[in-house]
Amino acid sequence: MSLPAIQSRLISACKAAGRDPSDVTLIAVSKVQPLELVRAVLVEGQKVFGENYVQEAQGKWPDLRAEFGPLEVHMIGPLQTNKAKVAMDLFDAIHTLDRPSLATKLANLAQQRGSCPKLFIQINTGEEPQKAGVLPADTDAFIATARALDLPITGLMCIPPEGEDSTPHFNALAALAARNGLTGLSMGMSGDFEAAIAAGATHVRVGSAIFGARDYS
Ligand SMILES: *Cc1c(COP(=O)(O)O)cnc(C)c1O
């Protein structure tokens with residue numbers, strides 16, 4: 001695959017769902033990818049990227065922003081509280097607000113700096129013990145807490161369990177967002193972004209389908 005191929009699949013999925021493609025942001029997930037591949041996608045005009053690791057993003061994006069101009073970099077990986085400050089300086093959005101201690105930390109930092117990245121609350125729709133995220137049953141209360149802290153909550157995010165049909169998880173996330181008056185839905189990856197668009201995704205996070213498989217060696 002490649003960026004143009006994914007863009008055209010995104011547009012087809014929007015058409016099939018009767019949605020406007022401009023309502024779906026394609027986040028190119030560049031974690032662990034070689035710099036030359038990231039640069040190639042930048043040259044093709046991609047402006048929105050996703051990263052999982054604060055340190056890796058720190059080593060990459062300040063230079064790329066200086067070279068390529070205004071870009072959006074989204075944090076989509078787990079965020080340690082002690083990296084929250086660096087993350088706030090680096091990222092335009094954080095998709096992984098997943099616990100009260102992080103909410104408090106982000107709120108304190110936001111107050112000090114007078115600004116805050118867009119925030120998505122990660123929901124553990126599959127209720128998997130090893131996975132981060134707020135449980136569905138705790139979601140309404142967590143959103144209320146975040147709002148009481150004046151945090152700018154854009155929407156909800158999920159990573160469905162591996163090997164399961166994603167659509168019920170996407171629909172559950174959409175329902176949780178709707179009943180809390182949230183319009184942002186960060187859902188869908190290389191294997192299921194078209195299903196996510198059908199279920200209402202506003203942000204799809206696509207890595208390997210754009211860049212090829214990640215090499216962690
Ligand atoms: C790595 C990652 C992605 C991209 O996954 P692909 O299957 O390569 O598209 C999307 N979302 C999150 C949270 C990720 O960690």
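General remarks:
- In the stretch 48-136, GluC sites (Glu not before Pro) in a DSSP loop with at most 16 other beta-carbon atoms within 10 Å: E127
- Measuring how big the stretch 3-211 is from its alpha-carbon positions, Rg and Dmax come out at 16.4, 45 Å.
- Pairs of lysines in the stretch 3-211 (C-alpha under 17 Å apart; 8 or more residues apart or interchain): 10
- For the pair F68 and A132, the difference between a 0.36 nm per residue extended length and the Cα-Cα distance amounts to 19.7 nm.
- Estimated FRET transfer efficiency when R0 is 30 angstrom, pair L109-A144 (beta carbons, to 0.05): 0.90
- According to the Cα-based calculation, Rg over Rh for the stretch 81-178 is 0.98, with Rh computed by the Kirkwood formula.
- In this simple spin-label approximation, A16 and E36 carry label points 7 Å from Cα along the Cα→Cβ vector, and these lie 3.5 nm apart.
- Whole-angstrom gap from the stretch 175-217 to the stretch 62-111, using each part's C-alpha centre: 19 Å
Read-outs throughout are calculated quantities, based only on the coordinates presented, and are distinct from any laboratory measurement. All figures in this text were calculated on a predicted structure; none of them were measured in a lab. Positions of Cβ are generated from backbone atoms using ideal geometry, with glycine treated the same way; all protein chains shown enter the neighbour counts.
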